[in-house]
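The values are calculated or read from the model by the stated rules, or taken from the named source; none is laboratory data. Everything numeric in this text was worked out from a predicted model, so none of it was measured. Because the Cβ atoms are built from the backbone with ideal geometry, glycine has one as well, and the counts that use them run over all protein chains shown.
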Amino acid sequence: MHNNKFTNNTLILLTLFCCLSLPLAGRAAVYVIHHPDLASEDFSSRNLVRIYAMQKRVWSDGTPVTVYTLPKTSPTHRAFVTGYLRMQPYQLDRLWHRTVFSGTGVMPEEVSSVDEMLRRVAATPGAVGYISRSDSGELPEGVSRVVAND
Amino acid sequence: MINRSVKPSLAMLAAVLCSGEGWAAGPQFHGYGSLAWIDSPDNAYFDDTPGDHFNYREAALNGSWQIAPSWRIAGQVLYRDAGAFTDDKTRVDFLLLDYNFRLTEHESIGVRLGRVKNEYGLYNVVRDVPHGHPGVFVPQSVYFEAFRDALLAVDGGSLYGRFDTPLGGLGVDLFKGTGRIENPTAEYQLAQVDGPGEFDEVDEQGLRLILAPDALPGLALAYSVVDASMSLENVPDLSVQQLQAGMMTLANDPRDYGDYITSAQIDALLQLLSVQYSWHHWILSAEYLQIRNRLSDFSVLNNYQPDTSVTSEGYYLQLEWLAGESVSVYGRYEELYYNRDDKDGSGFYQRTGCNPYTQYNRALTLGGRWFMTSDLALTAEYSRNQGAAFLNGQAGVDFEDLQEDWDAFIVQLSFHF
């Protein structure tokens, strides 16, 4: 079911961010991706921190925010956290622990592979995730790339 | 199988839960555990005698389910053995229903009912979570063990709001309810002995305001206030013979008054100022606590004593360096005074004859944490202490033997999943 949505869907949008500031390596290695309905949303680093800290709950049109992550052991996850969120991976974990172990929220959903990340983001309105640049060759046709604000 | 009368209710519940767009994934389960080796060669620390031990360990199992965009349920069971600080080791840490009745991109308002954790300062809600803060323990000058149970959570509810304002992100948390005191730390705090009667619950209400100014990203400022009151309960009636025997005992040594307390009411107003600033890989945190305590209805062998009021204060300054992807290093200096007008405890000694060192604590702590994997960490720290106020609330400790200068070495293994 996900595959059909994936292949038939020309709405899939992946937003790529240029490397404007340090740490350059992480930002250069990773693309942030999101569901196509979110093209007008703010994906600055500052807002990404709010999104990945599970503090931003809905988008501007009221669609719930759904956050996907790769496993913490993934080099892409580490590159994303240090490059875009500008924090250490355990610092992000600390924010998640605060949310979950205080009873005030839930953790993001972890996916096991890049393929699953792409499928889930494509199929879920309001979804956001990330992939490594080296995986971008697997992107389907119709993918748009834009340079986002910082 | 389902009774007809129940079906409409279930349908209505389903309709309520399904309101809004989209369903989140199913329930999540997480947890953590830790085991610490503590060596305190000078004073009893999490144990009833000086020395080393493995008395500090904990495990928690947590479940949460975002059943609809506006509805969530969550709960956590915590096992925590803190040696001389604990009696009951297992408790329901929280169990709540969260209804987020106003949710837009720029504001979120909701209510939580059940047993809810109290938003108080920077660390209260994560004080037991090993990776939730730097160091093995949260700063004892502000989050001291003796008031842990009283401040951790309430059976009642909380109202929360998050707002994007022209100044920045503003968080407002209100709570009200009854805190369950499951350990005799408050009794030890009052009289350094677990005498007759006990403080079982505390009525409390609180507010926290926290602001993250847009003008200076990385900065968070918070003000917390808690109004709490508790009474000594289940005090047995004393016979005439017991009263006479008690009077003879106190005539010989008035320091044993804790064994003969017949009533007590404690009212406390806690105010906490917090600031945290994150800059690149550095996090600077500081908090200042002031407690206005009032002891009333206080009687020893049914002889009522004059009401007394004291103001306690404590603060800490903490710097953490996020040195790498798997290493952090931290240092902290802190002070706590039970009576800011009697900082060396001499007045307390003159009044009660008890150990004055228990009335204050100054400490310097240095430590580091190594994440062996993303979920498994080893933390090591050393604390140099002057004063023994951090040791109050422990059972079985001879407070007269506590030394003014003492060290603590701690190594902790911890994990999350």
- prompt: In this structure, does B:TYR338 turn out to be within 18 Å of B:TYR143 (Cα to Cα) and modelled with pLDDT under 95?
  reply: yes
- request: Search segment B:233-255 for residues being surrounded by 13 or more Cβ atoms within 10 Å (Cβ to Cβ) and free of Cβ contacts under 8 Å to residues at least 40 places away in the same chain, and hand back the single one that is farthest from the other protein chains (Cβ to nearest Cβ).
  value: B:ALA245
statement: Given (1) farther than 28 Å from B:GLN290 by Cβ; (2) in contact with a strand residue (DSSP E or B) (Cβ under 9 Å, 6 or more places away or on another chain); (3) not aromatic (Phe, Trp, Tyr), B:ALA186 misses just (1)
- prompt: Just a yes or no: is a residue in segment B:339-349 free of Cβ contacts under 8 Å to residues at least 12 places away in the same chain, within 14 Å of chain A (Cβ to nearest Cβ) and either surrounded by fewer than 23 Cβ atoms within 10 Å (Cβ to Cβ) or β-branched (Val, Ile, Thr) (or both)?
  reply: no
message: Condition first: among the acidic types (Asp, Glu) and in contact with a strand residue (DSSP E or B) (Cβ under 8 Å, 6 or more places away or on another chain). Now tell me which residues in segment B:48-72 satisfy that.
response: B:ASP52, B:GLU58
task: Working only within segment B:49-87, note down all residues that are crowded, with 16+ Cβ neighbours inside 10 Å and assigned to a loop (DSSP other than H, G, I, E, B).
output: B:PRO50, B:PRO69, B:SER70, B:THR86
- line: Taking segment A:85-125 and keeping residues at the interface with chain B (Cβ under 7 Å from one of its Cβ atoms), in contact with a strand residue (DSSP E or B) (Cβ under 7 Å, 6 or more places away or on another chain) and surrounded by 21 or more Cβ atoms within 10 Å (Cβ to Cβ) leaves A:TYR90, A:HIS97, A:VAL100, A:PHE101, A:SER102, A:GLY103
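Let's see how each residue does on (1) of a type in the set (A, V, I, L, M); (2) under 28 Å from B:GLU400 (Cα atoms):
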site: B:MET248; (1), (2): yes, yes
site: B:TYR260; (1), (2): no, yes
site: B:SER285; (1), (2): no, no
site: B:GLU313; (1), (2): no, yes
site: B:GLN318; (1), (2): no, no
- prompt: Looking at segment B:216-308, what strands (runs of 3 or more DSSP E) fall wholly within it and have at least 3 residues that are touching a Phe, Trp or Tyr at 6+ places or on another chain (Cβ under 6 Å)?
  reply: B:219-231, B:282-300
- line: For A:HIS77, the lone unmet condition from (1) at the interface with chain B (Cβ under 8 Å from one of its Cβ atoms); (2) closer than 20 Å to B:VAL327 by Cα is (1)
query: Considering B:ILE291, B:ILE266, B:ILE283, B:ILE261, which residue is within 14 Å of chain A (Cβ to nearest Cβ) and of a type in the set (A, V, I, L, M, F, W, C)?
result: B:ILE283
